[in-house]
Amino acid sequence: MTSAARTVSTVLADTLSAWGVNYVFGVPSESATHFLDALHEPERPEFVAARHEGGAAFMAEAHAAASGTVGVVLAGRAVGAANLSIGVHTARENSTPMLVIVGQMSSRHQGREGFQETDLPAFLGPVAKAAHEEADPQRVPEAVHRALVLASRGRPGPVVLSLPEEVFGVATTEPLREPVRPSRPRPSADDVAGVLAELAAAERPVIIAGAGVLRSGAEERLREFAVRTGVPVLAAWRRHDVFPNDHPLYAGHLQMGTHPEIVRTLSGADLVLAVGSRLGEITVQNYTAITDQRVVAIDIDPAMLGKSHPVVLGVAADAEAALTDLVRAAPDRAVPEKRAAWATERRAAYEEATAVPAAEHTDRVDSRQIIRLLRAGLPDDAVITNDAGNFAGWLHTFFRFVAPNTYVGAASGAMGYALPAAIGARLARPDRPVVAVAGDGGTMMTFQELETAVRLGAPVVLVVMNNNMFGSIRMHQERAHPGRVVGSELGNPDFAALAQAFGAAGETVRRDTEFGPALAKALMREGPTVIEVVTDPEQISVSSTITELRERAR
C-alpha cells in the first residue's frame, strides 16, 4: 500500500505494531469497521473478540501487566464505553499503560441526542489518566502517538481516545511516528544521601514495595538493596510478586484482613520506606498502621509524595533508577545487629502466620489445603490471576510467590477480573501455566469469557471457590447485623457442567484429596479447564466462621 492510499485506520494499526502491541481486545463495533479491517493483515495486531467490553478491558489490562507492553481495548459509542469503564478504572488503579479506543458517533450528528450519543471524554475522563476526542482525520495519527506516550510515561495509566466513525476510513499521508521510550528520572545525589541517612538512623526500618517497582522492572534491584541494607520488605496490596516470598527478608503481604503479626511489622517500624507505593487504604490498614513512623517515599509521580501520609523525604524518581543508585551508594558493611534481629523476628512472624501443615481431608474442603496444593502443583513461573472476594484471603495469605512476573491482580478490587485477566496473561505468556482463582460471585460476572478462551484455545485454568454467596458482603453483614442476611446468598449452576457446555473441561472438587489430581489433569490439557471447589459457607474468612462473627456481635 502506498503512503497516499493509507488511511487513518492503517496508520493506527501500524502505529500499534511499532509500539510492540500484538493484540487489540474488544467487542466489534460498526463505528470502527475500517479499523477492524486494517487489523486483518497478518503483520498487524490480532483482534481478540471478547463477549463483553468489560471482559475485553480486563484482558487488555492484564495482557499489558504480564507483557510489559501497552494494552489496547476497542469499544463502540456510549454503551461500549460504559461496559469497559470498569477496566479503565482497574488500569488506573493498577498503574497499567492502556490505550482505550472508542468509536464515536459521526461528528455530523453530535449535539442532537443521536443514537448512543454521549460526551465520551467527559464520561471516561474521571477514571482515566487522560481522555480526548479527535475529529480531524489528519490529526488522528498524532493523537494516537500522543496517547501512547502519555499512557506509558510517568505513572502509567489508561488513556482514552474517542474517534468519530467517519475518520477511520479517511486517507492520510501523515507519517508514522517512532515509539518513545518512557523516561526514567533518577534521584539527585542529595536524595540518595538523604534516603541512606534516614536508613542509617533507623533500628526497625521496613520497605513497602508497590506497583512502581513492578512497572519499572526493578524487582532485582529491590532484592539487592534489601540484602545490602538488611531491611525487611512488605508487599503492597496485590503486589505479591514484587519480592520473592521465600527470601529471608520478605515479611508479608498487606491485604484486607492482614494477620496481626504482619501488621505489627509495619506498625512497629520506626522508618517506612515506600518504593513505588501509594500507601493506600488497604496497604496501610485503613490508614491505621502508620502513625508516628518516619516515612520516606520514592515515586515516579510527584503528586503521590505525601498524598496519603506526611513524609520526611519525598523522592520523585523511577523505582529502578532510584534503587540502582541506592545500591551503588549504600555502604558495603555488615548490617547493624539490632536491624538484623528485627528482620529475623519479622520473617519468623510471617512464616508462623502463613504456615500450612499438610493435612489433606477426605471428607471436606479446607481452603488452606487447596492453596497449599495449588502451590505444590504449579511450577514457580506459573502466573496467578485472582478475583475479588473473601475467598482471596486464603490465596493472599498462604500462596507464596517466588518468581517475578507471576501475579496479575486488580488493585481496584474489581469482581469478574480473574478469568478475562487469565486469558490476557496467557496470550502474553504462552510458555507458562496461567491459573485464575475466583469466587462464585465474581466468576458469574464474566463467565461468558470462557467461550473466548475456548475459541482461542487458551489452556487457562479457572479455580472457582464456591460457597454460594457474596462472601465479603456476608461477612460485613454478620458483623453489623448478625443473622440478618439480605442479598448475599446466591444460587449457582453446576460449574463443571457449564464449562463443558462451553466446550471446556470441568471438574468438581468436594474434598482436599481431589484437588491435586484435578489440577494435574487441567495443566495437561490443550484447552481451558474449570475446577469448582465446593467450600464450607460457615468458614466465611481466613480467621472467622459465621458463628464466631455472630457471637462477637452479641
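The values are calculated or read from the model by the stated rules, or taken from the named source; none is laboratory data. Here the structure is a predicted model, which is why all the values come from computation and not from measurement. Here the Cβ positions follow ideal geometry from the backbone for every residue, glycine too, while neighbour counts run over all protein chains shown.
Annotations
- Any hit, segment 201-208, residues being at pLDDT 95 or above and in a helix (DSSP H, G or I): no
- Condition check for ASP301: in contact with a strand residue (DSSP E or B) (Cβ under 8 Å, 6 or more places away or on another chain) and over 16 Å from ARG155 (Cβ atoms): no
- Residue check, LEU249 surrounded by fewer than 19 Cβ atoms within 10 Å (Cβ to Cβ) and in contact with a helix residue (DSSP H, G or I) (Cβ under 6 Å, 6 or more places away or on another chain): no
- Leading residue by the ranking (surrounded by the most Cβ atoms within 10 Å (Cβ to Cβ)) among those in segment 279-305 that are among the charged types (D, E, K, R) and outside any loop (DSSP other than H, G, I, E, B): ASP299
- Subset of segment 510-530 that is among the charged types (D, E, K, R) and touching a residue at least 40 places away in the same chain (Cβ under 8 Å) - its residue that is surrounded by the most Cβ atoms within 10 Å (Cβ to Cβ): ASP512
- Among the candidates ARG215, ARG221, residue that is over 28 Å from GLY413 (Cβ atoms), in contact (Cβ under 8 Å) with a residue 60 or more places away in the chain and touching a Ser or Thr at 6+ places or on another chain (Cβ under 7 Å): ARG221
- Of all residues in segment 327-336, at least one satisfies being under 28 Å from SER267 (Cβ atoms) and either part of a strand (DSSP E or B) or without any contact (Cβ under 8 Å) to a residue 40 or more places away in the chain (or both).
- Scanning segment 352-393 for residues that are surrounded by 14 or more Cβ atoms within 10 Å (Cβ to Cβ), out of contact with any strand residue (DSSP E or B) (no Cβ under 8 Å at 6 or more places or on another chain) and of a type outside the set (Gly, Ala, Ser) yields VAL356, GLU360, ASP366, ARG368, GLN369, ILE371, ARG372, LEU373, ARG375, ASP381.
- Filter result for GLN500 (assigned by TED's automatic domain parsing to the domain that holds ALA438, at pLDDT 95 or above and not in a strand (DSSP E or B)): yes
- Condition met for GLU261 (within 23 Å of THR354 (Cα to Cα), part of a helix (DSSP H, G or I) and in contact with a Phe, Trp or Tyr (Cβ under 9 Å, 6 or more places away or on another chain)): yes
- Contacts under 6 angstrom Cβ, first residue in segment 450-474 being basic (Lys, Arg), partner crowded, with 24+ Cβ neighbours inside 10 Å, 6 or more apart: none
- Checked against the criterion of being under 30 Å from SER188 (Cα atoms) and over 22 Å from the mean Cα position of the chain (by Cα), segment 397-414 contains not a single residue that satisfies it.
- Answer residue from segment 483-497, given it is surrounded by 16 or more Cβ atoms within 10 Å (Cβ to Cβ) and not polar (S, T, N, Q) and is modelled with the lowest pLDDT among those: LEU490
- Qualifying residues in segment 128-187 (those that are among the small types (Gly, Ala, Ser) and closer than 17 Å to LEU74 by Cβ) - the one surrounded by the fewest Cβ atoms within 10 Å (Cβ to Cβ): GLY169
- Inter-residue pairs, beta-carbon under 7 Å, first among the polar types (S, T, N, Q) and in segment 246-268, second assigned to a helix (DSSP H, G or I), 6+ apart: GLN255/HIS396; THR265/ARG346; THR265/ALA349
- Qualifying position, being in a helix (DSSP H, G or I), closer than 25 Å to SER17 by Cα and not β-branched (Val, Ile, Thr), among HIS145, HIS132: HIS145
- The set of residues in segment 211-239 that are in a loop (DSSP other than H, G, I, E, B), within 20 Å of the chain's Cα centre (by Cα) and farther than 19 Å from ASN386 by Cβ comprises SER216, GLY217, ALA218.
- In segment 306-326, residue surrounded by the most Cβ atoms within 10 Å (Cβ to Cβ) [restricted to those that are of a type in the set (Gly, Ala, Ser) and either assigned to a helix (DSSP H, G or I) or modelled with pLDDT of 95 or more (or both)]: ALA322
- Residues being among the small types (Gly, Ala, Ser) and out of contact with any strand residue (DSSP E or B) (no Cβ under 9 Å at 6 or more places or on another chain) - total across segment 42-66: 1
- Residue selected from segment 79-107 under the condition assigned to a helix (DSSP H, G or I) and of a type in the set (Ser, Thr, Tyr), by the criterion surrounded by the most Cβ atoms within 10 Å (Cβ to Cβ): THR90
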